[in-house]
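Read the structure below first, then the notes.
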Amino acid sequence: MAQALNRLKESASQTAGPYVHIGLTPNFCDIKGVYPADLGATMVNEKTKGERITIRARVLDGTGTPLKDALIEIWQADADGLYNSPSEMRGTADPHFAGWGRKATDMDTGECVFETIKPGRVPFKNGRKMAPHISFWIVARGINIGLQTRMYFPEEEAANAEDPVLARIEHKVRVPTLIAQRAADGAYVFDIHLQGEKETVFFDI
Amino acid sequence: MSADPFSNRKPETGAFFQRDRLWHPPAFTPDYKTSVLRSPQKALLSLDNTLSEITGPVFGHNMLGELDNDLIHNFAKPGESAIGPRIIVYGRVLDERGKGVPGALLEFWQANAGGRYRHKKEGYLAALDPNFGGCGRTITNEEGNYAFRTIQPGPYPWPNGVNDWRPAHIHFSVFGHGFAQRLITQMYFEGDPMIWQCPIVKTIPDRAAVESLIAALDREATIPMDARAYKFDIVLRGRRSSLFENRLEGN
Ligand SMILES: [Fe+2]
């Protein structure tokens, strides 16, 4: 026997279920008047620094069908690579950019759209810079524990090639699952595949 | 660094403890049918946290409306209230080290007393309550404590097996200090025999993990002639101290 460490266990995850909108985006599902706006619906204002970008994201199941009841949250650094968080010790992030967004996927198309800015580069633990990226967290009915992944940018070929997280992906054919595609209108298109040949790399992080 | 590295008043920057994936439900749980086509099949890529996961947004108490933590009234017409057994749900958000988590955003949603959700995709024949919306939110105080008022939700049938029912439950979304702590779970009610029959509950492999999602009836916190109380503590991932963090050299 030894002394007890007295640690607690993390509360077990349970699926967000089909009605996650009621709790997290009530205005989106026509519960009006409780909150003035859905949290995380607007990420930038006219004072936010940085290049405006649009991300169109979908989550696809094992048959390739987009989920119409998923919810996605994103978290990212500002244009200078600083996070708007108390744990950010390197400087003060843009006060006009929280860096966090939340969207439900459309109930008909399965798409959700984030209007945000392109993040700057953030250092890895050893000081090397990671490529610009946005963290994604995905929940839905049928997903028992929130899925964590990242979106990288297709035009950042050099930065992506030296990114220490992408470098950890053993099967290089899977790296493109984390890199958005550029649509003709300039928007970034990011399809998250839950299963199959194109299954997105998800993190245990 | 500060003079008092043990102070928990200054922001913490350590990585979060590894998630115990054997304690949480696995992705693929065929008795919960929807998980079959929505479960990743390849191994997750395990990585120590980077700044992108250690950090997270802050939600200030000033964003809260007066009735955000009162589901009995936040959707009700003036002077009216939601129908159902009046309850208070209270508890504490802690991390795995047992420290209270101040400033945690909690969002909750639930069915009404008849087991009906206010949602256009919901087809259960139980009646809607015109005075019940079903959502609420609050932010924990300095010690990590929270409380809200609601009505006890009803159990409801759902399409999975021919005759599957969800036990009465409240959905919780929890935002701690780092994006890696993000968690959604459900709260169940002490003494409900339907908990142990539910395919969604049974996605959790460990009985003790289920028991820690069951709120306890607390007669001492009950308000006489008004509302019963249930205690529900939530635990988020703990984090390592950055006191003796390894620094790689030569980079
Ligand atoms: Fe539910």
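For residue A:3, work out the one condition from (1) within 9 Å of chain B (Cβ to nearest Cβ); (2) polar (S, T, N, Q); (3) under 30 Å from residue B:92 (Cα atoms) it doesn't fulfil.
Against the list (1) within 9 Å of chain B (Cβ to nearest Cβ); (2) polar (S, T, N, Q); (3) under 30 Å from residue B:92 (Cα atoms), residue A:3 comes up short only on (1).
Which one of A:196, A:127, A:186 is at pLDDT below 95 and assigned to a loop (DSSP other than H, G, I, E, B)?
A:127
Can we say residue B:189 is within 16 Å of the ligand (Cβ to nearest atom), surrounded by 23 or more Cβ atoms within 10 Å (Cβ to Cβ) and hydrophobic (A, V, I, L, M, F, W, C)?
Here the answer is no, as residue B:189 does not meet what is asked.
Only residues that are touching a Gly at 6+ places or on another chain (Cβ under 6 Å) and more than 8 Å from chain A (Cβ to nearest Cβ): list them for segment B:20-36, please.
If the condition is that a residue be touching a Gly at 6+ places or on another chain (Cβ under 6 Å) and more than 8 Å from chain A (Cβ to nearest Cβ), then no residue fits.
May I ask you to verify whether residue B:216 is more than 14 Å from chain A (Cβ to nearest Cβ), in a strand (DSSP E or B), more than 23 Å from residue A:204 (Cβ to Cβ) and free of Cβ contacts under 8 Å to residues at least 60 places away in the same chain?
yes
Considering only segment A:169-198, how many residues are buried (at least 20 other Cβ atoms within 10 Å of the Cβ), under 16 Å from residue B:42 (Cβ atoms) and not polar (S, T, N, Q)?
Adding up the residues that qualify gives 3.
Given the conditions (1) basic (Lys, Arg); (2) more than 12 Å from the chain's Cα centre (by Cα); (3) more than 19 Å from residue A:145 (Cβ to Cβ), report the number of the one that residue B:166 does not fulfil.
Here residue B:166 meets the rest and fails (3).
When the residues of segment B:129-163 are filtered to those that are under 16 Å from the mean Cα position of the chain (by Cα) and among the aromatic types (Phe, Trp, Tyr), which remaining residue is farthest from residue A:135 (Cα to Cα)?
Checking each candidate, the answer is B:148.
Give the residues of segment A:148-205 that are more than 21 Å from residue B:39 (Cβ to Cβ) and polar (S, T, N, Q), sorted by residue number.
Correct list: A:160, A:181.
Specify the residue that is farthest from the other protein chains (Cβ to nearest Cβ); the eligible residues are those in segment B:79-124 that are open to solvent by 40 Å² or more (accessible area, probe 1.4 Å) and in a strand (DSSP E or B).
Selected residue: B:86.
Go over the candidates A:139, A:201 one by one and state the one that is in contact with a strand residue (DSSP E or B) (Cβ under 6 Å, 6 or more places away or on another chain), in a loop (DSSP other than H, G, I, E, B) and crowded, with 21+ Cβ neighbours inside 10 Å.
Of A:139, A:201, the one residue that is in contact with a strand residue (DSSP E or B) (Cβ under 6 Å, 6 or more places away or on another chain), in a loop (DSSP other than H, G, I, E, B) and crowded, with 21+ Cβ neighbours inside 10 Å is A:201.
Going through B:136, B:161, B:144 one at a time, which residue ends up being surrounded by fewer than 22 Cβ atoms within 10 Å (Cβ to Cβ) and farther than 26 Å from residue B:16 by Cβ?
Every option except B:161 fails the conditions.
Which condition breaks for residue A:155 when tested against (1) open to solvent by 50 Å² or more (accessible area, probe 1.4 Å); (2) within 13 Å of chain B (Cβ to nearest Cβ)?
Result: residue A:155 fails condition (2) only.
The values are calculated or read from the model by the stated rules, or taken from the named source; none is laboratory data. The shown structure was predicted, so the numbers you read here are calculated from the model rather than taken from an experiment. Methodologically, a virtual Cβ is constructed for each residue, glycine included, from the backbone with ideal geometry; neighbour enumeration extends over all protein chains shown. Keep in mind that these areas ignore ligands, DNA and RNA; they rest on the heavy atoms of the full protein, side chains included. Shrake-Rupley method; radii C 1.70, N 1.55, O 1.52, S 1.80 Å.
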